[in-house]
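The values are calculated or read from the model by the stated rules, or taken from the named source; none is laboratory data. As the structure is a computational prediction, the values presented were derived from the model and not from experiment. Backbone-built Cβ (ideal geometry, glycine too); neighbour counts: all protein chains shown.
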Amino acid sequence: MRHLTLDELLALDEPGVVPGSGRAREHLAACAACAAEQARLRQRQARLRALPTLRPARDQWPAVAARVAADRRRRRTVTIGGSVLALAASVALAVLVRREPVAPGADPAGVPEAVAAVPSQPVPVGPRRSPAPEAAPVAAAAPAAGAVRDADALAVERQLEAIQARSQALEAALDAYAPDARMTDGRTVRIATDLEDRIANVDRQLEAVELQVPARRPSPEALRLWKERVGLLDALVDVHVTRASHVGL
Amino acid sequence: MELYPLANAESVVARARAGDAAAFEALYRAFETPVYNLARRICRTAEDAEDVLQETFFEVCRSIGQFRAEGSLWGWVRSIAASKALMRIRRNKYRDTDELPEDVMEHRREDAGLRMDLEAALERLSETARAVVWLHDVEGYTHEEIAAMMGRTTSFSKSQLARAHGRLRRWLGEEVA
């Protein structure tokens with residue numbers, strides 16, 4: 001008499017009808033040895049489920065939080081970069097709408113000031129790593145007809161572009177350094193996590209400011225927040241580089 | 001019923017979707033232990049399990065918007081953890097003891113002349129076999145689900161389980177002469 005294999009015994013506990021299971025059940029009912037084998041198998045499975053629960057030796061949340069914050073920061077940079085590009089595009093569109101035709105032979109230096117405000121190159125948006133669900137809608141519509149930038153708004157816009165470029169450069173430096181992939185001590189993780197949280201808080205405030213400026217005019221408040229963001233990124237770079245220098249990496 | 005219920009789960013998920021850091025941490029605290037336990041039982045080392053734990057919750061935080069509220073939150077988190085653990089063992093460079101010649105295996109089995117306990121026997125299985133045993137017998141995944149996660153066939157999962165139990169039976173001294 002052929003006894004049931006482990007495959008056959010295991011198959012008897014699978015949901016649904018398994019080919020040959022009828023014959024296997026008949027054998028099981030008549031064979032004490034196979035019935036005992038099935039009991040040992042089920043007992044072994046029950047003992048597996050009863051094994052003690054293993055717990056991590058260290059709290060991994062600070063490391064997870066730092067990665068999440070860094071990821072949100074990267075996605076935020078892409079979102080804001082996209083908004084700046086949209087702003088530049090809408091300004092360019094407004095200028096095209098408003099621009100007076102230049103008479104043949106006229107001095108091209110007489111081009112309206114608004115044209116000079118259009119960046120000669122698109123603002124770099126940085127590498128797009130993943131879709132940004134918080135992406136602000138692209139401002140495809142032109143600002144109100146006749147919108148000519150005053151000097152203050154123009155100055156704020158130029159400062160914004162410069163500070164955003166600085167922010168992207170610091171992000172790129174952090175990415176190149178890849179702090180998440182390096183061993184860190186608890187103190188460095190805590191300081192870095194705190195800075196990441198503060199950057200995330202500034203990002204939330206920036207989102208709120210953008211929502212409150214429907215015409216997407218450059219805002220002194222946005223400029224202040226971007227400067228704060230760059231300050232925090234500078235500090236974050238210092239934390240990682242200083243620690244690295246200290247331990248000889 | 002949720003195996004690992006999270007108080008105010010709907011509210012926590014909604015806040016997490018809005019980017020609330022405290023909500024992310026609440027998700028982590030609720031499922032840290034079962035995720036680590038699953039990872040540690042599948043992976044060979046505690047370091048690998050910690051990496052899987054981090055990668056799981058990083059993915060949970062990034063993908064919380066994709067969680068369907070009518071499903072089981074733990075079921076969703078666990079599927080991510082299982083997937084990350086399986087990816088980890090695929091990347092590992094450890095030798096599978098399954099691949100040792102049978103005569104070597106027999107010699108090793110008889111070396112100590114002692115029955116192993118279940119923990120030791122489970123650790124001795126190859127990572128693939130141990131993963132199938134844990135996912136099927138403990139976590140309750142079907143062979144179809146395990147095969148899909150591993151990118152293998154249902155037959156592969158079934159044969160791995162049977163072979164694993166054959167080894168466990170022998171190492172635990174449960175073989176009947």
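A compact table of results
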read-out: The one condition in (1) free of Cβ contacts under 8 Å to residues at least 40 places away in the same chain; (2) over 15 Å from residue B:87 (Cα atoms); (3) at the interface with chain A (Cβ under 10 Å from one of its Cβ atoms) that residue B:22 fails to fulfil; value: (3)
read-out: Helices (runs of 4 or more DSSP H) contained in segment B:7-82 and holding at least 2 residues in contact with a Ser or Thr (Cβ under 6 Å, 6 or more places away or on another chain); value: B:21-42
read-out: Among the residues listed as A:63, A:92, the single one being part of a helix (DSSP H, G or I), surrounded by 18 or more Cβ atoms within 10 Å (Cβ to Cβ) and either more than 13 Å from the chain's Cα centre (by Cα) or at pLDDT 80 or above (or both); value: A:63
read-out: Candidate set from segment B:159-177 (those that are charged (D, E, K, R) and within 18 Å of residue B:42 (Cβ to Cβ)); member that is nearest to the other protein chains (Cβ to nearest Cβ); value: B:163
read-out: Search result, residues across segment B:31-55 that are without any contact (Cβ under 8 Å) to a residue 12 or more places away in the chain and either over 13 Å from the mean Cα position of the chain (by Cα) or surrounded by fewer than 20 Cβ atoms within 10 Å (Cβ to Cβ) (or both); value: B:33, B:45, B:46, B:47, B:54
read-out: Among residues of segment B:124-137, those that are within 11 Å of chain A (Cβ to nearest Cβ) and among the acidic types (Asp, Glu), counted; value: 1
read-out: Residue in segment B:62-76 that is modelled with pLDDT under 95 and facing another protein chain (nearest Cβ under 10 Å) present; value: yes
read-out: Count of residues meeting criterion [at the interface with chain B (Cβ under 7 Å from one of its Cβ atoms), more than 19 Å from residue B:173 (Cα to Cα) and either surrounded by fewer than 18 Cβ atoms within 10 Å (Cβ to Cβ) or in contact (Cβ under 8 Å) with a residue 40 or more places away in the chain (or both)] in segment A:48-57; value: 5
read-out: Filter result (part of a helix (DSSP H, G or I), among the hydrophobic types (A, V, I, L, M, F, W, C) and modelled with pLDDT under 75) within segment A:165-190; value: A:176, A:181, A:189
read-out: Among residues of segment A:209-245, those that are basic (Lys, Arg) and modelled with pLDDT under 80, counted; value: 3
read-out: Boolean, residue B:7 is away from every other protein chain (no Cβ under 11 Å), of a type in the set (A, V, I, L, M, F, W, C) and over 19 Å from residue A:68 (Cβ atoms); value: yes
read-out: Test: residue in segment B:138-154 that is within 11 Å of chain A (Cβ to nearest Cβ), among the charged types (D, E, K, R) and closer than 26 Å to residue A:53 by Cβ; value: yes
read-out: Residues of segment A:1-23 classified as buried (at least 18 other Cβ atoms within 10 Å of the Cβ) and more than 51 Å from the chain's Cα centre (by Cα), total; value: 1
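For (1) part of a helix (DSSP H, G or I); (2) in contact (Cβ under 8 Å) with a residue 12 or more places away in the chain, each residue gets a yes or a no:
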| residue | (1), (2) |
| --- | --- |
| B:121 | yes, yes |
| B:129 | yes, yes |
| B:132 | yes, yes |
| B:136 | yes, yes |
| B:140 | no, no |
| B:147 | yes, no |
| B:152 | no, no |
| B:167 | yes, yes |
| B:170 | yes, yes |
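Per-residue answers, yes or no, for (1) within 10 Å of chain B (Cβ to nearest Cβ); (2) in contact with a Lys or Arg (Cβ under 9 Å, 6 or more places away or on another chain); (3) free of Cβ contacts under 8 Å to residues at least 24 places away in the same chain; (4) not small (Gly, Ala, Ser):
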site	(1), (2), (3), (4)
A:15	yes, no, yes, yes
A:31	no, no, no, yes
A:43	yes, no, yes, yes
A:46	yes, no, yes, no
